[in-house]
Amino acid sequence: MKRDEARGKTVETLELEHARKVLAEQPFSVLLGTRLTAFGDGSAELELDIRTELLQQYGFVHGGVLGYAADNTLTFAAGSVLGPRLITAGYTIDYLRPATGILLRARAEVVRAGRTLAVCRCDVSTVDAEGRETLCAVAQGTIAMA
C-alpha cells in the first residue's frame, strides 16, 4: 500500500514480483508463455515468444494474440497506478503491419488515471533474430476498477 497524497487516500499498488504472480494466475497467459518484464510507475511490459501455434494462415502472428498482448499490458500498466482489482472497460487496436519475428513485446503506459478509471496506450512490437524491434500495432484502452 502507498499513500497518494494528491488524492488524499491510500492506493494499493503491486510490486513486480506480486504482479508476476497475478500474471501466473491467468491460465491463458500461462498457455501463451507470457512474461511480465517491467512493471511500475504507470507502465508495464509483457513479452512472449513467437511460435508456430500463434500464427495465422499467412505465417504472421494472429491478430488475437496481438489484441491479447495489448489488452493485458494496458491493464497491468493501469494496475501499477490503481491497484490489482481491474477490468478492461474497452480498448481499440490498430494493426500497422504484419507481425513476424521471434519475440512479441507490448509496452503500455498510463495516459491519465482518475479514482476508478485509467486511460492507457500501448505499443506492440516484434523483435527479430538480430534484435531489431518493429512496431506492428498500437492500442488505447480504458481500464476500470472492478
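No lab work stands behind these numbers, since they all come straight from the coordinates. Model, not experiment: these values are computed from the prediction. Positions of Cβ are backbone-derived with ideal geometry, glycine not excepted, and every protein chain shown enters the neighbour counts.
Given q = 0.13, 0.24, 0.27 Å⁻¹, what are the Debye log10 I(q)/I(0) values for the range 96-143, with equal point scatterers placed on the Cα positions and solvent ignored? These q points yield log10 I(q)/I(0) values of -0.36, -0.78, -0.89. Computed about the Cα centre, the dipole magnitude for the chain is approximately 460 debye when only Lys and Arg (+1) and Asp and Glu (-1) carry charge, each at its Cβ. Can you work out the base-10 log of I(q)/I(0) for the chain at q = 0.11 1/Å, using the Debye formula on its C-alpha atoms alone? These q points yield log10 I(q)/I(0) values of -0.39. Seen against the Cα atoms of the chain and their longest principal axis, helix 63-82 is set at about 20 degrees.
The equivalent ellipsoid of the range 60-128 has semi-axes of 24, 11, 10 Å, largest first, where each one is the square root of 5 times an eigenvalue of the Cα gyration tensor. The HN-Hα couplings worked out from phi for the range 118-125 by the Karplus form 6.51 cos²θ - 1.76 cosθ + 1.60 (θ = phi - 60°) are 9, 9, 10, 10, 9, 10, 10, 10 Hz, whole numbers, x standing for Gly and Pro. Calculated mean residue ellipticity, 222 nm, the chain: -7500 deg cm²/dmol, from DSSP H runs (n ≥ 4) at -39500 (n - 2.57) each, averaged per residue and rounded to 500. A dipole drawn for the range 2-145 from +1 and -1 charges on Cβ atoms has a positive end, and of Leu135, Leu117, Tyr91 the residue lying farthest that way is Leu117. Once C-alpha pairs closer than 8 Å and six or more residues apart are averaged by separation and normalised to the residue number of the range 2-145, the relative contact order reads 23 percent.
Taking amide H positions as modeled 1.01 Å from N, with prolines and chain starts lacking one, the residues under 5 Å from Ala99 and 5 or more places away or on another chain are Val61.
Please identify the longest segment of the chain free of exposed GluC sites (Glu not before Pro), where exposed means a DSSP state other than H, G, I, E or B and no more than 12 other Cβ atoms within 10 Å. The segment 26-129 is the longest one with no such site.
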